[in-house]
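Shown next, in structure tokens, is the structure this report addresses.
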Amino acid sequence: MIKGIMLLALASLCFATSAKKLTIATDDGPPHMIANNDSGIDLDIVRQVLSAMGYTSDVIYVPLHRAKQLVSDAKADVFLPTFYESDSQSLFFSEPFITYKPTIFSLSKQQIELSSLADLSKYSVISFQGATGYFGESYTAAVSNASYRELHDMSQFPSMLIHQRTDLVVLDYYIFYYYLKQNHPNINITQIDQHMLISEVSAHVGFNDEQLRNEFNQQLNQFRADKLDQKVIEHYIGKQ
């Protein structure tokens, strides 16, 4: 009995000492990456996949352009998220691990119907700072004729919609529902309408080791097949 316990303890120690630690570089952007407790949808998915591969990880928080450079210079191992990238001599990019979903939100009771981005011009609209630089010319043209504001504090966007201080909110799906859950936990989500008029964007992980990237892709496919990514998402925004 004692011998068995000692062997188990020794095996655990060997695993702990043999597990390689990776450095993940990312930025702070709840709920995707949350610096104050090293959590978030994106971070949890990537760290859980890496853990299943036998890796532990530390996280450092820097602007995303700096995160990319750190990995390229081999001063970090992994950075996320990244978009619209192709492999180079020093960087290798994973398959999509999550899809960002820019969404237009309205109150169901207002019965707003949007058939195209041009319809935004009829309403008051809020979005995050710099949104016109992300969503293209059609969006920019539409909001130029609307009562339009870009604000820094996205945590207040669901409240502004609920209290009818704006007709429409343009925001990432996960960010909106994260702050809705945080600030209005008892609201029935059927009170919110979603208008999916802006293209989704796939998010990827960047590596400086091609073999590690390939192994990550393989484990990620299993992770998603087991719907473990959905469990992570539901933890932050609830069931939709």
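The values are calculated or read from the model by the stated rules, or taken from the named source; none is laboratory data. Predicted model only: the values in this text are computed from it and were never measured. Glycine also receives a Cβ, built like all others from the backbone with ideal geometry; neighbour counts cover every protein chain displayed.
Right, Ser127: buried (at least 21 other Cβ atoms within 10 Å of the Cβ), in the same structural domain as Leu43 (by TED's automatic domain parsing), of a type in the set (Gly, Ala, Ser) and in contact (Cβ under 8 Å) with a residue 24 or more places away in the chain or not? Quick ask: steps written out before the conclusion?
Working: buried (at least 21 other Cβ atoms within 10 Å of the Cβ): yes; in the same structural domain as Leu43 (by TED's automatic domain parsing): no; of a type in the set (Gly, Ala, Ser): yes; in contact (Cβ under 8 Å) with a residue 24 or more places away in the chain: yes.
Criteria not met by Ser127.
Within the range 104-115, can one find any residue that is surrounded by 14 or more Cβ atoms within 10 Å (Cβ to Cβ), of a type outside the set (A, V, I, L, M), part of a loop (DSSP other than H, G, I, E, B) and in contact with a strand residue (DSSP E or B) (Cβ under 8 Å, 6 or more places away or on another chain)?
Initially, the range 104-115 is screened for residues surrounded by 14 or more Cβ atoms within 10 Å (Cβ to Cβ), giving 104-107, 112, 114.
If we keep only those that are of a type outside the set (A, V, I, L, M) too, we end up with 105-106.
Checking which are part of a loop (DSSP other than H, G, I, E, B) leaves us with none.
No; the residues of the range 104-115 include none that is surrounded by 14 or more Cβ atoms within 10 Å (Cβ to Cβ), of a type outside the set (A, V, I, L, M), part of a loop (DSSP other than H, G, I, E, B) and in contact with a strand residue (DSSP E or B) (Cβ under 8 Å, 6 or more places away or on another chain).
Selection over the range 82-103 of residues that are in a loop (DSSP other than H, G, I, E, B), touching a strand residue (DSSP E or B) at 6+ places or on another chain (Cβ under 9 Å), more than 30 Å from Arg165 (Cβ to Cβ) and not hydroxyl-bearing (Ser, Thr, Tyr) gives a count of 7.
Only one entry of Ala74, Ala67, Ala131 meets the criterion of being within 22 Å of the chain's Cα centre (by Cα), under 14 Å from Ala25 (Cα atoms) and among the small types (Gly, Ala, Ser), and that entry is Ala67. For the range 157-201, the candidate set comprises residues that are β-branched (Val, Ile, Thr) and within 25 Å of Tyr139 (Cα to Cα); within that set, the residue that is nearest to the chain's Cα centre (by Cα) is Ile175. Among residues of the range 152-180 that are at pLDDT 95 or above, those with a Cβ under 6 angstrom from a residue that is assigned to a loop (DSSP other than H, G, I, E, B) and of a type in the set (D, E, K, R), sequence gap 6+ or separate chain, pair up as Tyr173/Lys101.
Could you say whether any residue in the range 72-81 is modelled with pLDDT of 95 or more, assigned to a helix (DSSP H, G or I) and out of contact with any Ser or Thr (no Cβ under 7 Å at 6 or more places or on another chain)? The answer is no; no qualifying residue exists.
Of all residues being at pLDDT below 95 and either in contact with a Gly (Cβ under 6 Å, 6 or more places away or on another chain) or among the charged types (D, E, K, R) (or both) in the range 18-55, which is farthest from Arg213 (Cα to Cα)? Just the residue, please. Only one residue fits best here, namely Ala19.
Keeping to the range 93-152, report how many residues are polar (S, T, N, Q) and touching a Leu at 6+ places or on another chain (Cβ under 9 Å). Walk me through how you get there before you give the answer.
Pass one, the range 93-152, residues polar (S, T, N, Q): 94, 99, 103, 106, 108, 110-111, 115-116, 121, 124, 127, 129, 132, 138, 140, 144-145, 147.
Narrowing further to those that are touching a Leu at 6+ places or on another chain (Cβ under 9 Å): 94, 103, 106, 115-116, 124, 127, 129, 138, 145.
Count: 10.
Kindly evaluate Thr140 against the criterion of being over 30 Å from Leu43 (Cβ atoms) and surrounded by fewer than 19 Cβ atoms within 10 Å (Cβ to Cβ). Here the answer is yes, as Thr140 does meet what is asked.
Where in the range 121-240 are there strands (runs of 3 or more DSSP E), lying wholly inside it, with at least 2 residues that are under 25 Å from Ser94 (Cβ atoms) and small (Gly, Ala, Ser)?
Numbers: elements: 124-128, 147-151, 168-172, 192-195, 201-207.
The qualifying strands (runs of 3 or more DSSP E) are 201-207.
Scanning the range 210-227 for residues that are charged (D, E, K, R) and either within 16 Å of the chain's Cα centre (by Cα) or surrounded by fewer than 16 Cβ atoms within 10 Å (Cβ to Cβ) (or both) yields a count of 4.
Among the candidates Gln230, Gln182, Gln194, single out the residue that is surrounded by fewer than 19 Cβ atoms within 10 Å (Cβ to Cβ), in contact with a strand residue (DSSP E or B) (Cβ under 6 Å, 6 or more places away or on another chain) and more than 30 Å from Gln69 (Cβ to Cβ). Write out each step before concluding.
On the way: Gln230 fails: in contact with a strand residue (DSSP E or B) (Cβ under 6 Å, 6 or more places away or on another chain); Gln182 fails: in contact with a strand residue (DSSP E or B) (Cβ under 6 Å, 6 or more places away or on another chain).
The unique qualifying residue is Gln194.
Taking residues in the range 44-58 that are touching a residue at least 60 places away in the same chain (Cβ under 8 Å), and partners anywhere that are of a type in the set (Asp, Glu), the pairs with Cβ atoms closer than 7 Å and at least 6 places apart or on different chains are Ile45/Asp229; Met53/Glu215. Any residue at all in the range 1-17 that is at pLDDT 95 or above, out of contact with any Pro (no Cβ under 9 Å at 6 or more places or on another chain) and aromatic (Phe, Trp, Tyr)? No - not one qualifying residue is present in the range 1-17.
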